[in-house]
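Since the structure comes first, as C-alpha cells, the remarks are kept for the end.
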Amino acid sequence: MAAIPDLLRRSRTIAVVGLSSKRFRPSYGVAEYMQEQGYRIIPVNPNESEVLGEKTYRSIEDVPEHIDIVDIFRRSEFVGPSWSRQFVLAPTPSGCRRRCSRGSGPKSP
C-alpha cells in the first residue's frame, strides 16, 4: 500500500464510513477539514440523510461513484479483521484507514 502522503496526493474522493452530522465528533472534524482541502467527501451512515452538504449513503455498496479512499470511523466491536469482506468495490479503493476506539473511554452522547 502507498505511503499516506502519496496516497492523498493521488486521491480526490474519500468515503467516510460512520460520518456523523454532530460537529463534536472526530469524524465530522476530519471530514470537514478534508473537504476544505478540496477532497470530495462521501458520507456513509444509515442514520443520516446529509452531512457537510453531501448526500449520505446507507452503505459503502450504495455509493454510485469511484472511491479513492475509505476512512472508517466505527467502534472496534463493529469493525473486525474481516470487515473488508462485507463489501466489494470495483475498482478497489487505493487505500483504507480505520479509526476505532476500544470503547474503554467515556461514550459520546
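Every read-out reported here was derived from the displayed coordinates using simple, explicitly stated rules and does not represent laboratory data. These numbers come from a predicted model, not from an experiment. Backbone-built Cβ (ideal geometry, glycine too); neighbour counts: all protein chains shown.
The amide H of THR13, built 1.01 Å from its N in the peptide plane, has ARG40, ASP68, ILE69 as neighbours under 5 Å, considering only residues 5 or more places off or on other chains. Distant-in-sequence amide contacts of ILE72, defined by a placed amide H-H separation under 5 Å and a gap of 5 or more residues or a different chain, comprise VAL17, ARG97, ARG98, ARG99. Which shape class, rounded, prolate or oblate, goes with segment 1-68 when its Cα gyration tensor gives a ≥ b ≥ c as root eigenvalues, a/c under 1.5 marks rounded, and past that a/b bigger than b/c marks prolate? Since a/c reaches 1.5 but b/c is at least a/b, the shape of segment 1-68 is classed as oblate. Along segment 50-60 the Karplus relation, 6.51 cos²θ - 1.76 cosθ + 1.60 evaluated at θ = phi - 60°, assigns HN-Hα couplings of 8, 9, 6, x, 10, 4, 9, 9, 5, 8, 5 Hz to successive residues, with x for each Gly and Pro. Within the shell defined by Cβ-Cβ distances under 14 Å, the residues around LEU52 carry a net charge of -1, with Lys and Arg each +1 and Asp and Glu each -1. Near GLU65, once Lys and Arg are set to +1 and Asp and Glu to -1 for all other residues with Cβ below 13 Å from its Cβ, the sum equals -1.
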